[in-house]
Each structure stands twice: as structure tokens, then as C-alpha cells.
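Encoded as C-alpha cells, the structure appears first; notes follow it.
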Amino acid sequence: MLNRSPFYATPFPAAPFNRRVGIALVMGLCSVLAACAIAPSSPPVPLAEIAPTGKLRAAINFGNPILTTKDAATGEARGVSVDLARELGRRLGVPVELVTFNAAGKVVEAVKDAQVDIAFVAIDPVRGADMLQTPPYVIIEGAYLVRNDSPIKTNAEVDRPGNRIAIGNGSVYDLYLTREVKAATLLRAPTSPTVVDFFVAQKLEVAAGVKQQLQADAKRLPGLRLLDGRFMVIQQAMGLPKGRDASARYLMAFVEEMKASGFVATALQRHGIEGASVATRTP
């Protein structure tokens, strides 16, 4: 006869099985496993590539009031671009250095020469030749401005012989209109913020620019009006020097998260920006 130990002779009583609890546990485990299987992995943080100097050098363009303005009290940069740069720096764990410019063309040159690590610029095929760019995070509009007594009533009447259009040198609408305008003449102001003053001083027929900047100038100077509608859609994105492919992947994921989380929408609202919208998610 086998000599059984007390453990085997008197086993612990089995706990009562709760079918409902068991099913819930199994379903919960399946959900977790499924989520792990389909959730995209976050790109690794390419810190040495995206901030090679140990700080994040962010180009900030004062030429676009949708993205950045100067605080009236302190003179410091503020706006959605500044908020995004600082949030990126926080995530990377590095200090942020704001490198300011007054024209988009100068920003593009700084990115091309790797004088900055990130920038906030409009998407354009010409610029894409000299930098890497993320999907857009904000959509804004390009518009035309004329004098109140101008015979020009619609956007379709702008591109005609004899019309001279003032544009900001190196701006995205400069690049766009250079490709699109066939009959009118383009004359370039030094920067986007000086377009309307240049237009008035030179007695030109049309001024082109970001709609919100033109609206502000029309309030500042009497006798001017905007044409209805827009002549282009401007997609604002983040840019970085070529060759930083790992950083580009990280920034693409960052931009999509900032849009999906409501960060960009909240920033636009906080800074009182009207007429701009959050870009839709890129497939």
C-alpha cells in the first residue's frame, strides 16, 4: 500500500469557479494581447541626431503671424510654433534655443545649412529639395489685397497684363505664384510683414500674403480691402536638415500626436488665432 503524505491525503478544496469573472478575465487578456499586436511602435528618440549640440535649435519666423508673434509686454516669441518647439524639447529632455528670423526664406537657408535643428515652414516642392518635412499641422490661406477704388473685384482678375503683385521674397506664396502667374508681374518686398507697405509705397495693383496679415494691414492702413476667397492653401509643417532621416520619422509621429491630442487646436485657441485650422491626419 502506498504511503501518501498528508498533503495528498487531504488536498486543499478547490475554489468555486465564477464563470462570469473567468470570461471577463479571458476577454481582457485577449484585448491586451490584440492591442499589443496592432499598436504601432513609437519611433526611437534620435537625440544625438535631432539635437547634436545638446540643445534643440528651433527656427522661429516672425514673418507669419499665424505661427509666431512677439509678446506686446515682454517682446518674447509666442505662438503655436513656439509651443510645439518647447513641447518637443521637453520630450527630448533638452533645452530649447529659439533662433528668430523675419522671413521664411532666411529660415529655409538656416535649415539647409544645418544652423538650426527644426523649423516651422510651409510645404512646397522647392523647399522640399533642401530639407525634410513632416505632414502639415496647420492649414492657412493666401489672399489678395487691393485698394478700395481698384477695378479688381475677384481673384480671377489678378493675373492679367498690367497688374503688379507685391509678394514677400522667398515666402511660400512667392514660390507658388512664381509657378502659377502667367500675365501679371511679381515684385518682391524684403519680407512678408513689409508687403503691404511696399505695395502702398510703390503704388502697385495687388498685394499677396497670408490672409490674417493682410487683414491686420487693412485695419492699420485706410482705403484697402481684401478680395473674397483665397488663391492658395498653405500647409504649415515642421522641417529639418536633410540626412536626418531618423529625426524625420520621430517628428512625423510627433506632429500626428500633437494634432490628434488637441495640442495644436488648444494652442491656436490660446493665442487667439482665427482663420487657421488643424490639418487632418495624414494616412
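Which of the residue pairs Lys153/Lys259; Lys211/Lys259; Lys70/Lys112; Lys70/Lys182; Lys112/Lys259; Lys70/Lys259 have a Cα-Cα distance greater than 29 Å in the structure shown? Distance filter (> 29 Å) returns Lys153/Lys259; Lys70/Lys182. Computed from backbone phi, the HN-Hα couplings of region 188-202 come to 9, 7, x, 9, 4, x, 9, 4, 5, 4, 5, 4, 5, 5, 8 Hz, rounded to whole numbers (Karplus: 6.51 cos²θ - 1.76 cosθ + 1.60, θ = phi - 60°; Gly and Pro given as x). Less than 5 angstrom separates the built amide H of Gly170 from none of the residues sequence-distant by 5 or more or on a different chain. A simple count of charges around Val111, restricted to other residues whose Cβ falls under 14 Å of its Cβ and scoring Lys, Arg +1 and Asp, Glu -1, yields +1.
Note on Lys55, Lys106, Lys219: ascending count of other Cβ atoms within 10 Å places them as Lys219, Lys55, Lys106, the fewest first. Database remark: amide H of Val138 closer than 5 angstrom to the amide H of Gln236, Ala279 (H placed geometrically; neighbours at sequence offset of 5 or more, or on other chains; Pro and chain starts carry no H).
Listed values for region 205-214 are Karplus-derived 3J(HN,Hα) couplings in whole Hz (6.51 cos²θ - 1.76 cosθ + 1.60, θ = phi - 60°), namely 8, 9, 10, 10, x, 5, 3, 5, 5, 5, and x replaces Gly and Pro.
Under 5 Å between amide hydrogens, built in the peptide plane, is the criterion, and for Val96 it picks out Leu56 among residues at least 5 positions away or on other chains. Per-residue Cβ neighbour counts within 10 Å put Val200, Val195, Val158 in the sequence Val200, Val158, Val195, beginning with the fewest. Of Ser192, Ser247, Ser150, the sequence from fewest to most neighbouring Cβ atoms within 10 angstrom is Ser150, Ser247, Ser192. 3J(HN,Hα) along region 273-279, derived from phi through the Karplus expression 6.51 cos²θ - 1.76 cosθ + 1.60 where θ = phi - 60°, amounts to 8, 10, x, 10, 10, 6, 5 Hz, with x in place of Gly and Pro.
Share of antiparallel DSSP beta bridges in region 140-232, in percent to the nearest 5? Present the calculation step by step, with values, prior to reporting the outcome.
Details: 8 of 15 bridges.
Looking only at bridges with both residues in region 140-232, the antiparallel portion is about 55 percent.
Throughout, read-outs are computed from the coordinates displayed, never taken from laboratory work. All values reported here derive from a predicted model rather than from experimental measurement. Neighbour counts are summed over all protein chains in view; Cβ atoms, including those assigned to glycine, are modelled from backbone coordinates with ideal geometry.
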